[in-house]
Each structure stands twice: as structure tokens, then as C-alpha cells.
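Worksheet: the structure to be examined is printed underneath.
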Amino acid sequence: MNAFSTLRLVKSLHTLIWALFAGAIIAIPFLALAENFTLAWVLIVFVLLEVLLLVANRMRCPLTEIAARYTDERQDNFDIYLPLWLARYNKHIFGGLFIIGLLLTCWLSMSS
């Protein structure tokens, strides 16, 4: 497999994994509002495991390091199929949404 094909594979995998975590983060507050606290907490733990992985890797996805082996490009979205603005502010956007979902889940589950 050549470098271009490998990079496309890594970017595709990275995008798929990102979509799973983004979907989980978006689902958490809706699950809390629907009082499906068990699934909300499962997704919170799922996302926290990803956060631990990022912290252990100096806040970089391990797939970014792999993608970097196959290109000299270093734009914020060189390693994932996301628009540049979203790749640039991804942690801010989804980190904030995650905190909101976490706090909402805590609040609603404690008041039930």
C-alpha cells in the first residue's frame, strides 16, 4: 500500500472514530433529559476513556502521529476528514458540549 492510500485509510478510520465520540457527546444530554441515565453514564465513561487516552498522549490522538508518517502536511485537518474550522476547534466545541452533558446528567440523575 502506498503512502497516499495509507493516509486515506488512517484519515477514514480517524473520522469514523471521531464520529462515534462526537455522536456520544451529542447524545449524552438528550439521554439525560429522557431520564435514560444508565446509557448516559455508559457514554460518559466511554468518552472519559478517550479523554484519558488523549491526556496520556499529550492531548493528541494517536492516529495523528500515524498519519504524520505519511504526509508532510500539518494543517489542523491533515489527519481527519473534517472541515478545517471544525478540526481546529474540535476539542473546544466537543469538550464544552461534554461538560454540559456531564453536568446535566449529574444534576438530573441526582434530582430523580
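Before moving on, here are some points about what is shown:
- Taken over region 58-83, residues that are surrounded by 11 or more Cβ atoms within 10 Å (Cβ to Cβ) and either closer than 21 Å to GLY23 by Cβ or acidic (Asp, Glu) (or both) amount to 12.
- The combined condition, being of a type in the set (Ser, Thr, Tyr) and in a helix (DSSP H, G or I), is fulfilled by TYR89.
- Within region 33-52, the only residue that satisfies the criterion of being under 16 Å from GLY23 (Cβ atoms), over 15 Å from the mean Cα position of the chain (by Cα) and buried (at least 17 other Cβ atoms within 10 Å of the Cβ) is ALA40.
- The residue pairs whose first member lies in region 37-55 and is farther than 16 Å from ILE26 by Cα, whose second member is at pLDDT 95 or above and part of a helix (DSSP H, G or I), and whose beta carbons are closer than 8 Å, counting only pairs six or more residues apart or on different chains, are LEU53/PRO62.
- Residue pairs meeting the criteria (Cβ under 7 Å; at least 6 apart or on separate chains; first farther than 19 Å from THR71 by Cβ, in region 10-23; second at pLDDT 95 or above): PHE21/VAL47; PHE21/GLU50; ALA22/PHE94
The values are calculated or read from the model by the stated rules, or taken from the named source; none is laboratory data. Source: prediction; values computed, not measured. No Cβ is skipped: glycine too gets one built from the backbone with ideal geometry, and neighbour counts run over all protein chains shown.
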